[in-house]
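First comes the structure, then the notes that go with it.
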Amino acid sequence: GLAVAALEVGDDAFERMLADPKAQAFTENFTGQWLSLRDINATTPDKLLYPEYEELLQWSSLQETQRFFDEILKHNLSVRNFVDSDFAMLNGRLAEHYGIPDIHGVKIRKVALQPESHRGGVLTQASVLKVTANGTSTSPVLRGVWVLDRIMGQAVPPPPPNVPAVEPDIRGATTIREQLAKHRATENCASCHSRIDPPGFVLESFDVIGGWRDRYRVAADQKDWVKNRVGPLARYLAAYQYGLGQPVDAGDSLPDGRPFANIDEFKKLLLTDPEQIARCLTEKLVTYATGQPVRFSDREAVDQILAETRASDYGLRSLVHAVVASELFQRK
């Protein structure tokens with residue numbers, strides 16, 4: 001993929017490569033690595049808690065993210081769009097899942113988003129929200145680490161030894177926030193959790209299949225099912241055999257003290273530093289293109305790539321072009 005362009009980076013080879021149908025392999029492989037989309041089949045959503053999940057929804061969610069990347073690449077849109085965008089790539093099934101009306105059919109197409117949709121960017125896409133959950137419950141720790149690493153470019157060290165993992169209470173008696181508060185109160189956990197928890201908490205508004213939620217779905221006795229179906233057919237009608245648990249609390253503050261109440265406010269805070277997003281994506285592109293992680297000694301070369309693409313507001317096409325033309329790529 002990217003190697004072809006390096007041969008004649010001075011002419012139109014790069015643009016020809018991106019116009020080639022084979023460029024689709026770049027989209028699939030890079031998003032598979034960067035966003036963990038290759039793990040889409042790693043979990044199976046709990047059928048009682050998430051009966052609406054099926055193959056068409058999974059296929060549509062993967063298509064959304066890949067076509068979204070293509071759209072940004074094709075039009076050299078700013079990498080800001082990966083944090084928040086005023087459009088999404090949807091079909092009827094995905095639009096229904098997101099609560100967006102009047103979109104029909106299987107074909108993925110560009111759809112303008114209304115502010116109240118809570119969508120836009122990759123953080124709120126069903127594919128990403130699925131690969132960062134385990135099928136039954138969401139973990140602010142897993143999602144928080146993912147956002148720090150994949151979007152903000154901040155490495156998180158492994159947890160200290162002898163610190164037990166946080167196991168979600170599937171009956172919903174205690175919230176994940178209450179459980180994590182114990183970690184934040186522990187001195188050797190606090191420094192990392194002050195960074196990990198905020199992006200993790202804000203994504204609690206989205207369930208394991210990327211649906212919006214105000215309350216958690218929980219395993220429940222039949223009398224507490226959301227739609228209590230009784231009678232001879234009840235056991236065949238498994239669509240609503242879950243209850244509603246605690247309300248979601250998605251608000252928190254960044255380590256610097258800036259508060260946010262929801263995903264929309266969180267994304268605005270992230271976008272106050274677009275270079276952070278661009279630097280992270282540049283490093284992911286370099287790692288993908290060279291097969292080597294970016295080292296501290298590569299910082300100057302990364303800075304040069306960012307300087308060259310600043311005028312385009314860090315357009316994705318410009319970034320990919322600059323990575324391929326960089327000494328980081330040429331020498332490896």
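The values are calculated or read from the model by the stated rules, or taken from the named source; none is laboratory data. Please read all numbers here as calculations on a predicted model, not as lab measurements. Using ideal geometry, Cβ is built from the backbone for each residue, glycine included, and neighbour counts are taken over all protein chains shown.
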Within segment 59-106, the residues that are surrounded by 17 or more Cβ atoms within 10 Å (Cβ to Cβ) and among the basic types (Lys, Arg) are ARG67, ARG80, ARG93
If we keep only residues of segment 302-332 that are surrounded by fewer than 20 Cβ atoms within 10 Å (Cβ to Cβ) and over 22 Å from ARG80 (Cβ atoms), then the residue modelled with the lowest pLDDT is LYS332
Among helices (runs of 4 or more DSSP H) completely within segment 237-310, the ones holding 3 or more residues that are under 23 Å from the mean Cα position of the chain (by Cα) and closer than 19 Å to PHE206 by Cβ are 263-270
Only one of (1) modelled with pLDDT of 90 or more; (2) closer than 18 Å to TRP212 by Cβ does not apply to LEU56, and that is (2)
Q | Qualifying residue in segment 282-290 (condition: within 28 Å of GLY144 (Cβ to Cβ), among the small types (Gly, Ala, Ser) and in the same structural domain as ASP84 (by TED's automatic domain parsing)) | A | no
Result of the Cβ filter at 8 Å on segment 244-268, keeping first residues that are closer than 15 Å to GLU116 by Cβ and in the same structural domain as VAL202 (by TED's automatic domain parsing) and partners that are outside any strand (DSSP E or B) and hydroxyl-bearing (Ser, Thr, Tyr), at least 6 apart or interchain, is ASN262/SER205; ILE263/THR124; ILE263/SER205
Turns out the helices (runs of 4 or more DSSP H) fully within segment 59-161 with at least 1 residues that are of a type outside the set (Phe, Trp, Tyr) and either over 16 Å from the mean Cα position of the chain (by Cα) or not assigned by TED's automatic domain parsing to the domain that holds PHE201 (or both) are 92-98
Original post:
With respect to VAL226, is the statement that it is surrounded by fewer than 16 Cβ atoms within 10 Å (Cβ to Cβ), in contact with a strand residue (DSSP E or B) (Cβ under 9 Å, 6 or more places away or on another chain) and either in a strand (DSSP E or B) or modelled with pLDDT under 90 (or both) true?
Top reply: yes
In segment 25-58, anything free of Cβ contacts under 8 Å to residues at least 40 places away in the same chain, surrounded by fewer than 19 Cβ atoms within 10 Å (Cβ to Cβ) and not in a loop (DSSP other than H, G, I, E, B) is listed as ALA25, GLU28, GLY32, ARG38, GLU55
Checked against (1) under 20 Å from the mean Cα position of the chain (by Cα); (2) among the acidic types (Asp, Glu); (3) modelled with pLDDT under 70, GLU167 satisfies every condition except (1)
Meets criteria (more than 19 Å from PRO199 (Cα to Cα), of a type outside the set (Ser, Thr, Tyr), surrounded by fewer than 16 Cβ atoms within 10 Å (Cβ to Cβ) and out of contact with any Pro (no Cβ under 9 Å at 6 or more places or on another chain)) for GLY257:
no
